[in-house]
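Reviewing the structure listed below.
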Amino acid sequence: MSTFFYYDKNECKFVPIEYNSLDRFIHTSAQLLLYGIVVTGIVIALMSAYAGTPAEIALKAENKELLSQLQRTKTTIVTLDEQITRLAENDNELYRTVLGLEPLSYDERLAGTGGADVHSRLDVYQAETSELMKWTLTNLESLERRVNIQKLSFDEIKHYYNENQDKMRHIPAIRPINSIITSGFGLRMHPVYRFRRPHDGVDFRARIGTPIYATGDGQVSLAGRNGTYGITIKIDHGYGFESLYAHLSSIEQGVRVGRRVQRGDIIGYTGDTGVVEGPHLHYEVIRDGRAVDPLNYMFADLSPEEYLAFRRISEENEKSMD
């Protein structure tokens, strides 16, 4: 331990200072405390200069978390935008087209989005934060407008439906069988002929003898053998719509050409007649003499989740059953 001196004027010499144990402990502790205070002060000064005060550090952490939340919100907005775009496409290409309503243009659905920078007040923030906040606010406002327009469109469709219920009863708008799709509409590999050819309908998985239902009101125009389709039923629904049910095992008693049927009536039973790989139901929707994708006309009893699942299967399976 260091020894300290004082100058004795009477003796004209330096005399060592002597402490008892308690005084020495107090003196040493005071020195260490003083050094600690000085070092702590220096550290705090450096942190304040380079990292900020504790309040500033907490604020930076909070801002970082808020920025992360904004990034996640952006991802959610992009997903919602994609979903409402698909909804608008179905609205135009399916619901409004089926009902004979004029589709809404892209500009109408945007409802005047764009224009001057109305969020310039956010320029006071850092560039990255400012741009992200502007993007989020702008797109949220756009989504709100588009959702409101979609709601108005559905209200118009609902009104038209209520005013044209006879037509809606005749449109083939339900599944013909309580099952799932195994193959979709479009070019498919034929299981017997072994080459790709147009598949004008969708195939439903089914055991032989499963009941088949008329998908809309109409008049039976075909009930019997029909070439490679085997036992087939065809219904003329009027308004330019027809539906076809192929590869049946049998036809319901009383169902014959000229017989009027209603949506939900049992018209026959699934089978494997004709040129097929196995038992199933081949189902077609014909509009104005041209085969169209039946999946777009099952809107009366398919939930959005079921529609997406059926669509995925339809697109992924390259092989038909007939």
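Coordinate-derived values only; no laboratory data. Please read these numbers as outputs of a predicted model, since none were measured by experiment. Cβ atoms come from the backbone with ideal geometry, glycine included; neighbour counts cover every protein chain shown.
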Using packing as a proxy for protection, rank 253-262, 173-182 so that the peptide with the highest average count of other Cβ atoms within 10 Å comes first.
173-182, 253-262
Along principal axes, largest first, the alpha-carbon spread of the stretch 145-302 in whole Å comes out as 51, 36, 27
Loop only by DSSP, 15 or fewer other Cβ within 10 Å of the Cβ. Give me the chymotrypsin sites (Phe, Trp or Tyr not before Pro) in the stretch 189-280 that pass, ordered by residue number.
Tyr193, Phe195
Estimated vicinal HN-Hα couplings, Hz - the stretch 179-189 in sequence order (Karplus 6.51, -1.76, 1.60; Gly, Pro = x)
7, 10, 6, 10, 8, x, 7, x, 5, 9, 6
Among 302-313, 131-142, how do they line up by average Cβ neighbours within 10 Å per residue, starting with the highest?
131-142, 302-313
Across all directions of projection, what mean area in square nanometres is found for the Cα convex hull of the stretch 183-248?
5.2 nm²
Highest mean first, how do 280-289, 80-89 rank when packing is the count of other Cβ atoms within 10 Å averaged over residues?
280-289, 80-89
With +1 at each Lys and Arg Cβ and -1 at each Asp and Glu Cβ, the charge dipole magnitude of the stretch 131-189 around its Cα centre, to the nearest 20 debye, comes out at 300 debye
